[in-house]
């Protein structure tokens, strides 16, 4: 497995390579002046000491480091920013946070400048980014012009794997193609006969969203479910998030009138989840899973669940969701994952980066065994007993990308 060495390790390698170049110079044909041999020997000893020092420094943990977290604002979905604040509460000044603009597709320069500003602090050694919206790869490139040592761990990328994989050290993402396989049988078990799939052209240009959609088509057909595609407004477009949400509120009743209540609804966009859940509950339809699965994703706002004092409390949230399902007489028609995926990516990203910077990976950024165990540990902090699976992303040519992990968990259905 290819592993990017930390910059100090690279520095050690440069010392070795420069020493090798000097050793390859032609031998002098004239006699050396007296004392040259002793001086050369002393220089060699000094060089060896420098090399040994560099090797020792490469394996040494970083001191006084900080870890940056970049998330969206609360209007895009409050899970990521909530978890960033939780990590700040846990580790204090070791954590610095920033947000990207809501209209990130038209404000790429702001995305980049915010990232560069965070990286301008020399104590910031790693940046955790979730969601890794379009512009993330460009921001990483810009930072590495001056900070080639910066570690980037990104979650839920909005750029194609071929764009983000070569830039980030580690990519964590919901197994979107896998969700396209497991959602249809889950929806069938919930009584679905039709699936409404809301998206828009920008999202349907992303490779993994397209792969999920292709699987939805295949497995809906196998499970006797009619898949209906509906184009919604892009929340980053002229009508903004408000316009996209209003469209969902108006369209869900239309679709239920046409196809009946045994219709499961899915959207590829986080900002649309709240009105979608609210309308599904109001009209007695079916809801299997969010685009970014989590018991916290849009449910509290959609169902008026008071989270004060219970932020990131999965047990409390699951109890409240069950109560809302019972109240709406929707037993068996609502489900999600017990682990909040984007919150998990931030938590695991911070904890793993901390281990790297404290020297637990012997100078390498990607230690797969340690990463997997860290993700599992963090998942169980949210939901004891949760079991996570991590598979490599495999490109169209069958090549596994060993820094890009697709994450999956189990459904929790509220009876």
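The residues of the stretch 133-187 that are in a helix (DSSP H, G or I) and over 30 Å from residue 222 (Cα atoms), listed by number, are 136, 137, 138, 139, 140, 141, 142, 143, 144, 162, 163, 164.
Taking the residues in the stretch 397-415 that are over 20 Å from the mean Cα position of the chain (by Cα) and free of Cβ contacts under 8 Å to residues at least 40 places away in the same chain as candidates, determine which candidate is farthest from residue 368 (Cα to Cα). Across the stretch 397-415, the extreme among qualifying residues is 397.
The residue that is farthest from the chain's Cα centre (by Cα), among those in the stretch 185-210 that are surrounded by fewer than 18 Cβ atoms within 10 Å (Cβ to Cβ) and within 24 Å of residue 135 (Cα to Cα), is 201.
Is it fair to say residue 367 is out of contact with any helix residue (DSSP H, G or I) (no Cβ under 6 Å at 6 or more places or on another chain), more than 15 Å from residue 174 (Cα to Cα) and modelled with pLDDT under 95? Answer is no for this residue.
Any residue that is within 25 Å of residue 264 (Cβ to Cβ), in a helix (DSSP H, G or I) and either in contact with a helix residue (DSSP H, G or I) (Cβ under 9 Å, 6 or more places away or on another chain) or not assigned by TED's automatic domain parsing to the domain that holds residue 288 (or both) - is there at least one of those in the stretch 307-318? Don't jump to the end; show me each part of the working.
Of the residues in the stretch 307-318, the ones within 25 Å of residue 264 (Cβ to Cβ) are 314, 317-318.
With the extra rule that they be in a helix (DSSP H, G or I), the set shrinks to 314, 317-318.
The next check asks that each one be either in contact with a helix residue (DSSP H, G or I) (Cβ under 9 Å, 6 or more places away or on another chain) or not assigned by TED's automatic domain parsing to the domain that holds residue 288 (or both); those that pass are 314, 317.
Among the residues of the stretch 307-318, at least one is within 25 Å of residue 264 (Cβ to Cβ), in a helix (DSSP H, G or I) and either in contact with a helix residue (DSSP H, G or I) (Cβ under 9 Å, 6 or more places away or on another chain) or not assigned by TED's automatic domain parsing to the domain that holds residue 288 (or both), which makes the answer yes.
Taking residue 406, is it within 24 Å of residue 65 (Cβ to Cβ) and either touching a strand residue (DSSP E or B) at 6+ places or on another chain (Cβ under 8 Å) or assigned to a loop (DSSP other than H, G, I, E, B) (or both)? So residue 406 does not fit the description; no. Exactly one residue out of 81, 69 is at pLDDT 95 or above and either touching a strand residue (DSSP E or B) at 6+ places or on another chain (Cβ under 7 Å) or crowded, with 16+ Cβ neighbours inside 10 Å (or both): that is 69.
The set of residues in the stretch 220-240 being within 14 Å of residue 198 (Cβ to Cβ) and either touching a strand residue (DSSP E or B) at 6+ places or on another chain (Cβ under 8 Å) or not in a loop (DSSP other than H, G, I, E, B) (or both) consists of 227, 228, 229, 230, 231, 232.
Out of the stretch 156-183, which residues are in the same structural domain as residue 264 (by TED's automatic domain parsing), without any contact (Cβ under 8 Å) to a residue 40 or more places away in the chain and crowded, with 22+ Cβ neighbours inside 10 Å? Across the stretch 156-183, the qualifying residue is only 180.
Residue-by-condition table, conditions (1) in the same structural domain as residue 191 (by TED's automatic domain parsing); (2) surrounded by fewer than 24 Cβ atoms within 10 Å (Cβ to Cβ); (3) modelled with pLDDT under 95; (4) more than 26 Å from the chain's Cα centre (by Cα):
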| position | (1), (2), (3), (4) |
| --- | --- |
| 275 | yes, yes, no, no |
| 279 | yes, yes, no, yes |
| 299 | yes, no, no, no |
| 302 | yes, yes, no, no |
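Please work out if residue 98 is surrounded by fewer than 17 Cβ atoms within 10 Å (Cβ to Cβ) and under 17 Å from the mean Cα position of the chain (by Cα). So residue 98 passes the test.
Scan the stretch 327-348 residue by residue and report those that are in a helix (DSSP H, G or I) and touching a residue at least 12 places away in the same chain (Cβ under 8 Å). First the steps, then the outcome.
Pass one, the stretch 327-348, residues in a helix (DSSP H, G or I): 327, 341-348.
Scanning the stretch 327-348 gives 341, 342, 343, 344, 345, 346, 347, 348.
Residue 150 passes every criterion in (1) under 20 Å from the mean Cα position of the chain (by Cα); (2) surrounded by fewer than 17 Cβ atoms within 10 Å (Cβ to Cβ); (3) under 22 Å from residue 355 (Cα atoms) apart from (2). Where residues in the stretch 128-147 are over 17 Å from residue 110 (Cα atoms) and touching a helix residue (DSSP H, G or I) at 6+ places or on another chain (Cβ under 7 Å), which of them is surrounded by the most Cβ atoms within 10 Å (Cβ to Cβ)? Restricting to residues being over 17 Å from residue 110 (Cα atoms) and touching a helix residue (DSSP H, G or I) at 6+ places or on another chain (Cβ under 7 Å), the top hit is 128.
Scan the stretch 340-354 residue by residue and report those that are crowded, with 24+ Cβ neighbours inside 10 Å and closer than 10 Å to residue 375 by Cβ. 344, 345, 347, 348, 349, 352, listed by residue number.
Scan the stretch 223-232 and tell me whether some residue there is in contact (Cβ under 8 Å) with a residue 40 or more places away in the chain and over 22 Å from residue 156 (Cα atoms). Scanning the stretch 223-232, I find at least one residue that is in contact (Cβ under 8 Å) with a residue 40 or more places away in the chain and over 22 Å from residue 156 (Cα atoms), so the answer is yes.
Pull up the stretch 304-323, narrow it to residues that are farther than 17 Å from residue 74 by Cα and at pLDDT 95 or above, then point me to the one that is surrounded by the most Cβ atoms within 10 Å (Cβ to Cβ). The residue in question is 317.
The values are calculated or read from the model by the stated rules, or taken from the named source; none is laboratory data. What you see is a predicted model; the values in this text were computed from it and never measured. Virtual Cβ from ideal backbone geometry, glycine too; neighbours counted across all protein chains shown.
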